[in-house]
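Notes follow once the structure below has been shown.
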Amino acid sequence: MAEIVAGFSRRGPASEETLEAVHAALDELWTDAQFLSDLDRMAFTTAVIEASTNVIRHAQPDAGARLQLGVDVTVSAERLEARISEIGARRSDPAADDAEMPEPGAENESGWGLALIQALVTTVTFEREGDSNVWVLRRNASG
């Protein structure tokens with residue numbers, strides 16, 4: 001297993017404020033992982049923010065639960081990985097839906113987030129762990 005050289009964990013309400021904290025943590029992370037290419041950093045950041053935004057916009061809380069967003073990121077010389085958790089969410093599987101990018105010039109871009117994420121990372125998996133739906137994003141480092 002590759003040595004982890006940088007990472008972070010954030011957890012909070014599924015809200016714009018938590019999303020901003022995740023974005024700030026990603027910005028800080030890259031100071032510890034400057035060996036990664038600009039393309040790797042940009043693509044991975046975009047995928048993590050897109051998946052986190054999907055949690056905020058689309059995850060439904062389970063009965064009586066308070067929906068939270070959890071983001072755990074690790075970086076090694078070979079791979080970037082993010083575990084994005086919909087904590088307290090009703091069971092779902094967005095990966096089961098067809099993921100297609102919209103046609104050029106399409107007016108409605110809703111629903112293309114998974115296709116974008118898949119284009120930016122090496123693998124995307126979606127699993128259920130306890131009371132959480134978990135997105136696992138992995139991108140092989142290009143350098």
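Residue count for segment 43-92, restricted to those that are of a type outside the set (Lys, Arg), open to solvent by 60 Å² or more (accessible area, probe 1.4 Å) and closer than 19 Å to LEU116 by Cα: 1. Evaluating ASP40 against the criteria (1) closer than 19 Å to ALA6 by Cβ; (2) surrounded by fewer than 16 Cβ atoms within 10 Å (Cβ to Cβ) leaves one unmet condition, (2). Of all the residues in segment 17-37, those that are hydrophobic (A, V, I, L, M, F, W, C), touching a residue at least 40 places away in the same chain (Cβ under 8 Å) and open to solvent by less than 40 Å² (accessible area, probe 1.4 Å) number 7. Can you find even one residue in segment 35-54 that is touching a Ser or Thr at 6+ places or on another chain (Cβ under 7 Å), more than 18 Å from THR123 (Cβ to Cβ) and not in a helix (DSSP H, G or I)? Yes - at least one qualifying residue is present in segment 35-54. Residues in segment 1-16 that are farther than 18 Å from ALA59 by Cα and buried (at least 17 other Cβ atoms within 10 Å of the Cβ): ALA6, GLY7, PHE8.
What number of residues within segment 63-75 are in a loop (DSSP other than H, G, I, E, B) and in contact with a strand residue (DSSP E or B) (Cβ under 6 Å, 6 or more places away or on another chain)?
1
The values are calculated or read from the model by the stated rules, or taken from the named source; none is laboratory data. It should be emphasised that the depicted structure is a prediction, and the values quoted were computed from it without experimental measurement. Note that we place each Cβ from the backbone using ideal geometry, even for glycine, and neighbour counts take in every protein chain shown. Quick note on the areas: whole protein, heavy atoms, side chains included, nothing else; ligands and nucleic acids left out. Shrake-Rupley method; radii C 1.70, N 1.55, O 1.52, S 1.80 Å.
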